[in-house]
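As C-alpha cells, the structure follows; a few thoughts come after it.
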Amino acid sequence: MKRLLRDAGVLGLLAVYAIPFFWQLLTSFKPEGELLVLPPLLPSYPTLAHYQAVLEQSLIPRALANSLGVAALTTLLALVLGLFGAYALARLPIPGKAPLLLGVIASTAFPPIATVGPFYLLLRTLGLRDTWGALILAHTSFALPLILWLLTGFLREVPEELEEAAFLDGASRFQVLRSIVLPLAAPGVASAALLTFLLSWNEFLFAYTFTATEASRTVPVALALFPGVFEVPWGDIAAASILASLPPIVIVVGLQRYLVRGLLAGALRE
Amino acid sequence: MTPRRRADRRTGFLLLAPALAVLVALTVYPVASVLWFSLQHRMPVFGIARFAGVAHYAFLAEDPRFSNAAWITFAFTTVSVGLELGLGLLVALALRAQRTGRRLGLSLLLLAWALPSVVTARLFEWLYHPAAGLANFLLGGHPLNWLGDPVLALPGVILADVWRTMPFVALICYARLTTIAPELYEAAQVDGAGQLAMFRRITLPLLSQVLLIGLLFRSLDALRAFDLMFVLTGGGPAGTTETLSVYAYRNLFQTLQLGFGSAVAVVAAALVMLVAWAYLRILRREGLTA
C-alpha cells in the first residue's frame, strides 16, 4: 500500500513535469473568448475551432506534409548509405578504421551554425534552394554520422559465426547482408531510423535558412513564422503545436522501446 | 595478404565509399569553406569578396557584442547543464525505486525530450505570457514580463532548456542504475551502512561515468544552442539571451556579412571542439574511450 502510494506520487510529479505540454493541449480546445483570462483554468466548453482554423486556413497542413516527406526521405537515404558503410566498418578490414570512426563521431559535435553559410551557397549554386532536396541533403549531413555510429555497433553484435556458416554454403556478401545480418540487426536499425526521423522532424536552423515558401517549409519553420497580424492567435498556435508534436508523441508512446534503445546506444557505447 | 582478405578490403571500400563521399561533400567541404570565408570581406548581395586576412578575428577580440555573446553562452551552458545533471540524477533515482507505471513515467519524461525545440519555445512563450500565462497565475502577485525583462529573460530560456533536456540525463542515469547488482546494497546494509553512505560509496561512483557522458553531450548541445532563444526572444531583450550561434546567424543571414559571420561561427565551433576534446581526454583517462 505504502509502495503504491509512493509510485503514484512519482507518477504524479512526472505528470506535473509534463504540464507545459498539457497546458498547450488544454489551450488548443479553449474557446477564443477564454484564452486571455485566468482563472478559470478549464474552458467552459471545449471547441475544435482552433484545429479547424489551422487545418483549413493556415500553411500547417502543407508544412506537415513537407516535414513528413523530408523526414521519411532523409531517413531512407541515411539508412541506405549508413547500412553499407556501417557493415564495412563493423566487419571488413579497412585501414584507418579507428580514426575514421572518431572523425564520424566528432562531426556530430560540430555546431551547425558553422556550416550553414557555405551549405546555403552550395545549395544555391545547385539550384536547390526552397526544395525538399535541400533539406534532405542538409539533414542527411547530420543523420549519416549518427547512423554510421549506431549501426556499426548494432551490426557488430550480430554473431560472426552465422555469417561464416552462410559463406561456407556459398552465399555472397550481399546475400549474407540481406538475409542474415539485416534481420538480426532489425531492432537496432529501427532504433537508428526512429532517431533519424525525429532529428529531421525537429530540425530548425537549416530548415529555416534554406526554405522560402510553402513549397518546402517544414512544421518547425511554419510554427516559428505562424502569422499574427493584429493579435497573436494563441489558440491556433496551440493547435498547430499539438499537430507538430504528433509524430514525436507516437514514437515516445508507441515505439518507446526502440527509441530508448537507440538513445542509450548513442550515449553509452563503450 | 590472402586473396579473400584482399577481396574483402575492396568490398569494404566499395560499401563505405558512398557514405564517405556524402560526408566529404556535405561536411568537410562546408567546414573548409567557412574557414576560407572567415578570412574574407564577403557580402554576396553586393558582390564584395576580397581577402581580409585575420582582420575579422582581430575585430572579434575587441567586439563587445561578441564577448557578451560568449559570456551568455557560457552562463547558459553552465547553469542549464548543472541543473539538468542534478535534476536528472534525482529523477533517475526516483524511477529506479518505482515498481509500477515505469513505462508511463518514461513516456511523460521523454515527451518533453522528443518535442521539436520550436514547439518547446511556443509552449514556454505561452506559459510566460504576461497576462494569460500559467507561470504568472501560479506565482500570484503582480505579473512578471518574463521574456521582455533583461533580468528574467535568460532564466526563462534556461528553464525551457532544462525542461526539454533533463529527461535525457535522467534516462541514461536510470539505465545505468538498473545494471547495479542489488547484492552490492545488501552487502553494504549488512555492514551497517546508512542510505546516505550507500549513495555516496556505491551509487555515485558507479554513476560517475554516465554523468560524465551526460556532461559531454549536454554541454556540446548547450554551447551551440540556437533554436530556443531565436524563437523565444530573438536574442533580446538587449542581447541578454544572444548566444554565439544567434550572433553568428545575425551576421550571416540578417546583416549579410558572410565573412564576418563566418569568423564568429568559426570561433564558436572552435570553442565547442575544444570542450569536446577536453572531455574526450577525461573520458579516455576514465577508461571510457569512444
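Every number here is computed from the coordinates shown, using simple stated rules; none is lab data. Because the structure is a prediction, the values reported are computed rather than measured. With ideal geometry, Cβ positions are generated from the backbone for all residues, glycine too; neighbour counts draw on all protein chains shown.
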Report the percentage of all Cα-Cα pairs in segment A:100-255 whose separation exceeds 21 Å, rounded to a whole percent.
61
I'd like to know which of A:Val104, A:Leu168, A:Leu122 lies farthest towards the positive end of the charge dipole of chain A, counting +1 on Cβ of Lys and Arg and -1 on Cβ of Asp and Glu.
A:Leu168
Karplus-derived 3J(HN,Hα), 6.51/-1.76/1.60, for each residue of segment B:129-141, Hz, glycine and proline x:
3, x, 9, 9, x, 5, 4, 5, 4, 5, 6, x, x
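For segment A:1-156, rounded, prolate or oblate, judged on the Cα gyration tensor with a ≥ b ≥ c (square roots of eigenvalues), a/c < 1.5 rounded, else prolate if a/b > b/c?
oblate
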Please give the Cα centre distance for segment A:15-64 versus segment B:149-186, rounded to the nearest Å.
29
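Quick check on packing: order A:61-72, A:214-225, B:131-142, A:134-145 by the mean number of other C-beta atoms within 10 Å, highest mean leading. Walk me through the intermediate numbers first.
Details: A:61-72: 19.6, A:214-225: 22.5, B:131-142: 13.4, A:134-145: 25.4.
In descending order of packing, they fall as A:134-145, A:214-225, A:61-72, B:131-142.
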Taking 0.36 nm per residue of separation and subtracting the Cα-Cα distance, what length does fully extending A:Ala18 through A:Tyr45 add?
7.4 nm
Taking one equal scatterer on every alpha-carbon of segment B:55-199, how large is log10 of I(q)/I(0) by Debye at q = 0.13 1/Å?
-0.79
Within a 10 angstrom radius of each residue's Cβ in A:8-21, how many Cβ atoms of other chains show up on average? Whole number is fine.
6
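Across the residues of B:125-134, average count of Cβ atoms on other protein chains within 10 Å? Don't skip to the end; give the middle numbers.
Numbers: counts 4, 10, 4, 0, 5, 0, 4, 7, 2, 7.
Averaged over the peptide's residues, the number is 4.
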Specify the residue with the greatest mean-square fluctuation among B:Thr11, B:Thr233, B:Thr165, computed from a Gaussian network of chain B linking alpha-carbon atoms under 10 Å apart.
B:Thr11
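With +1 on the Cβ of every Lys and Arg and -1 on the Cβ of every Asp and Glu, and nothing else charged, how large is the dipole of the protein assembly as shown about its Cα centre, in debye rounded to the nearest 20? Please report the intermediate quantities before stating the final value.
Values: 39 positive and 30 negative charges, 275 e Å.
Dipole about the Cα centre, nearest 20: 1320 debye.
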Ranking of B:His129, B:His56 by count of other Cβ atoms within 10 Å, fewest first:
B:His129, B:His56
Return the calculated 222 nm mean residue ellipticity for chain B, to the nearest 500 deg cm²/dmol, obtained by summing -39500 (n - 2.57) across DSSP H runs with n ≥ 4 and dividing by the residue count.
-22000 deg cm²/dmol
Pairwise label distance in nanometres, B:Leu104 with B:Leu139, each label 7 Å out on the Cα-Cβ vector:
3.2
Estimated FRET transfer efficiency when R0 is 22 angstrom, pair B:Arg4-A:Leu101 (beta carbons, to 0.05):
0.40
Using the alpha carbon gyration tensor of chain A, what are the three equivalent-ellipsoid semi-axes (square root of 5 times each eigenvalue), largest first, in whole Å?
41, 26, 16
Based on alpha-carbon centroids, what's the gap between segment A:190-236 and segment B:194-208 in Å, whole number please?
43
I'd like the distance separating the alpha-carbon centroids of segment B:12-35 and segment B:82-110, in whole Å.
39
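Rounded to the nearest 500, what is chain A's calculated 222 nm mean residue ellipticity when only DSSP H runs of at least 4 contribute -39500 (n - 2.57) each, over all residues? Mind showing how you got there, number by number?
Numbers: 15 runs with 198 residues, N = 270.
It comes out at -23500 deg cm²/dmol, rounded to the nearest 500.
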Using the Cα centre of the protein assembly as shown as origin and beta-carbon charges of +1 (Lys, Arg) and -1 (Asp, Glu), tell me which of A:Leu199, B:Leu271, B:Leu184 is placed farthest towards the positive end of the dipole.
B:Leu184
For B:65-75, what's the mean count of beta carbons from other chains sitting within 10 Å of each residue's beta carbon?
0
Semi-axes of the equivalent ellipsoid for the protein assembly as shown, please: Cα gyration tensor eigenvalues, times 5, square-rooted, ordered largest first, whole Å.
37, 33, 25
